[in-house]
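What follows is a set of notes on a single structure, which appears directly below.
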Amino acid sequence: MKNIQRICLCLTALTVGSLFLSACGAKASDKSVSGTRDDLLGTVITLTAYDKNGERAIDRSFGRIADIHRRMTTGEGSEIAELNERSGAGAVALSSDTFALLVCAGEVSRSSGGAFDVTIGPLVRLWDVGGEAPTVPERARIEDTLSLVDYSRLELDRDNESAFLSQKGMSVDLGGIAKGYACDESVRIFLEDGVSSALLDLGGNIYGLGRKPDGSLWKVGVRNPVIGEDGVVGSIQVSDRAVVTSGINERYFIEDGVICHHILDPGDGRPADNGLLSVTIINESSVIADALSTACFVLGMEKGRALLGQYPGTEGIFITDERKILVTDGLKDSFELLNSGFSLAEQ
Ligand code: ADP
Ligand code: MG
């Protein structure tokens with residue numbers, strides 16, 4: 001009898017990788033307004049604006065995120081579900097939105113050499129880490145399924161904004177990037193509505209817009225990724241930046257004592273296992289940070305750092321299973337170690 005321990009998969013504030021340390025000196029002004037929803041993109045989303053126009057921006061953002069949820073998750077009736085159903089059969093016309101996100105996901109798939117693979121869908125379903133029946137599949141099934149994972153067989157037609165998965169059974173899964181896109185869209189709406197100070201938290205995809213009302217930077221915590229431990233390992237300070245974490249502790253199940261998490265290596269079809277517990281990426285674009293955090297987690301520390309070199313202005317925090325923390329050069333001054341159980345890695 002397999003010993004399967006299922007972990008609650010509804011992401012709560014306690015299971016995300018980065019978190020806003022609001023208690024660290026942010027004094028909510030009288031004008032602050034906040035909204036939370038837990039029914040979108042499989043996570044808990046909290047948007048807080050420090051501005052009189054905040055309420056409108058928050059309402060409009062949730063409307064926009066609901067659109068993105070309807071179109072881009074794999075749920076029945078979504079554009080992505082239709083694209084997946086038509087795999088091997090024909091191209092599907094998409095909204096400009098969905099098409100743009102597929103283009104972005106395709107680009108990171110290429111730049112990461114397939115460590116991030118937008119066509120990871122069949123493998124995600126096979127392991128079902130976030131679903132009803134998570135399981136360690138047999139080797140042969142993993143091999144068969146891997147033959148359906150290949151981003152180069154997602155054909156994108158820019159003229160018609162249509163997409164085609166060229167083999168039956170292939171499927172797109174935007175779980176590693178959609179929250180980032182939704183975050184960028186919310187930031188765009190906040191700016192449109194004249195909000196210049198806000199904190200967006202999409203299940204641990206954090207964005208600090210402008211500065212805190214007192215003029216200081218936003219302080220964002222990097223959560224301790226060790227399963228069974230709480231709290232943060234450190235913090236960074238940002239302005240107009242996304243801080244996005246991918247880690248083993250976000251979704252996982254334990255079978256026969258082995259932790260099986262939700263970030264799958266398209267190389268061998270198994271949860272990525274290269275000594276990393278989490279990767280946090282800081283970038284002005286949340287969608288890029290989201291895709292890169294997943295990609296770097298799969299690539300491991302050395303190759304992940306090399307990938308970041310292709311994205312100027314991007315910084316990263318890599319945490320290893322030996323409790324070492326590597327921060328990239330641009331974070332040297334801003335990263336504050338807050339947990340004595342961890343130490344900074346030599347470069
Ligand atoms: P989270 O969504 O928990 O914040 P990530 O951004 O790292 O974490 O995304 C993980 C999700 O991305 C998985 O749940 C799955 O839907 C998808 N995914 C898993 N492995 C890959 C991969 N190698 N490439 C692209 N997407 C992936
Ligand atoms: Mg991601």
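The values are calculated or read from the model by the stated rules, or taken from the named source; none is laboratory data. Predicted model, so just to flag it, every value in this text is computed and none were measured. Positions of Cβ are backbone-derived with ideal geometry, glycine not excepted, and every protein chain shown enters the neighbour counts.
Among the residues of segment 203-217, just one is away from ligand 1 (no atom under 16 Å from the Cβ), at positive phi and part of a loop (DSSP other than H, G, I, E, B), namely 215. For segment 40-97, residues that are away from ligand 1 (no atom under 16 Å from the Cβ), in a loop (DSSP other than H, G, I, E, B) and either free of Cβ contacts under 8 Å to residues at least 12 places away in the same chain or among the β-branched types (Val, Ile, Thr) (or both) total 2.
Per the conditions (1) in contact with a Gly (Cβ under 8 Å, 6 or more places away or on another chain); (2) under 30 Å from residue 195 (Cα atoms); (3) away from ligand 1 (no atom under 13 Å from the Cβ), the sole criterion not satisfied by residue 325 is (2). Consider segment 273-309 and keep the residues that are free of Cβ contacts under 8 Å to residues at least 60 places away in the same chain, of a type in the set (D, E, K, R) and part of a helix (DSSP H, G or I). The one that is farthest from residue 110 (Cα to Cα) is 302. State which residue is nearest to residue 41 (Cα to Cα) when the search covers only segment 141-189 and only residues that are of a type in the set (Gly, Ala, Ser) and touching a strand residue (DSSP E or B) at 6+ places or on another chain (Cβ under 9 Å). In this case the residue turns out to be 182. Here segment 117-128 is the region considered, the condition is being at pLDDT 95 or above and over 11 Å from residue 269 (Cα atoms), and the residue that is farthest from the chain's Cα centre (by Cα) is 125. Does segment 124-164 hold any residues that are among the basic types (Lys, Arg) and more than 21 Å from residue 107 (Cβ to Cβ), and which are they? Listed by number, the residues that qualify are 125, 139, 141. Mind listing just one residue for me: the one in segment 156-193 that is of a type in the set (Lys, Arg) and assigned to a loop (DSSP other than H, G, I, E, B) and, of those, farthest from ligand 2 (Cβ to nearest atom)? Per the stated criteria, the residue is 168.
Under the condition of being farther than 30 Å from residue 297 by Cα, surrounded by 15 or more Cβ atoms within 10 Å (Cβ to Cβ) and at pLDDT 60 or above, the residues counted in segment 5-51 number 7.
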